[in-house]
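Written out below as structure tokens is the structure these notes cover.
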Amino acid sequence: MSVMSTPSTAGLSRAEAARSVGPSPERRVHAHHATGEVVSALSSLIRASRSIARQRQVQLGASGTPLAILKVLATQPGEDRPGDLAGATGVAPSVVSRALTRLEEDGLVVRHRDEADARACHIALTVEGRSQLATISDQYAELLDDALADLSDDDVARLPGLLHTLEQALRRAGERAAPPRHTSLAPSLVEAPAPSSDVLPNSAATHESL
């Protein structure tokens with residue numbers, strides 16, 4: 001009597017394993033429930049992060065859009081043209097242009113002409129720009145030191161890797177996501193049009209983070 005073999009799932013991710021053997025209905029329900037819990041926890045984390053960031057920015061007198069631009073320049077190499085910065089911060093190019101003018105006047109950034117295209121320019125942080133950003137980042141780090149005090153050293157050490165993995169997974173999911181199923185929503189749940197064309201869906205107003 002022959003025995004039907006099943007594909008091995010050793011070493012596969014949860015999604016790869018599910019695709020290779022086909023999850024049972026019970027497993028699909030469990031996975032959907034687990035995903036819902038992750039989404040709920042992530043939403044709560046984002047709300048808390050934004051609330052703390054806004055509070056800290058008010059205390060420091062820092063402005064959201066210029067600060068977001070400095071963060072992008074410091075952490076995302078290659079995203080250094082005004083258009084890149086607009087896309088990375090989710091702010092309209094006109095807003096980025098005004099913010100860059102102020103940052104340049106304060107000596108926090110400097111513009112370099114593109115040797116291949118005279119119409120284009122690249123933005124770079126100055127020493128003072130990095131110093132100002134480090135000062136603000138240190139303020140947030142001090143705040144997080146207290147927030148993470150109740151976690152074990154092992155949990156804290158694992159957090160950056162887990163969060164980075166989650167970020168990359170969310171980006172991939174967004175790139176391949178199918179259009180949502182049509183669902184009639186109550187008027188109170190429908191997002192109102194933005195009052196200004198300067199603000200894009202992922203604006204710096206919602207881009208605040210630690």
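Starting from the 7 Å offset along Cα-to-Cβ, what nm value, one decimal, do you get for the label separation of Glu115 and Val38?
4.4 nm
Place a point 7 Å from Cα of Ala157 in the direction of its Cβ. Which residues in segment 113-147 have their backbone N less than 18 Å from it?
Inside the label zone: nothing.
Between Leu166 and Leu148, what length in nm is gained on full extension when 0.36 nm per residue of separation is reduced by their alpha carbon distance?
4.5 nm
When ranked by the protection proxy of mean other Cβ atoms within 10 Å per residue, highest first, what sequence do the peptides 67-74, 118-125 form?
Top of the packing list down: 67-74, 118-125.
Can you list the residues, at least 5 places off or on another chain, whose amide H is less than 5 Å from the amide H of Arg81, using H built in the peptide plane?
Ile123
Out of all Cα-Cα pairs in segment 61-131, roughly what percent, to the nearest whole number, are more than 17 Å apart?
34 percent
Coordinate-derived values only; no laboratory data. Computed from a prediction, not measured in an experiment: that's the story for all the values here. We place every Cβ from the backbone using ideal geometry, glycine too, and count neighbours over all the protein chains shown.
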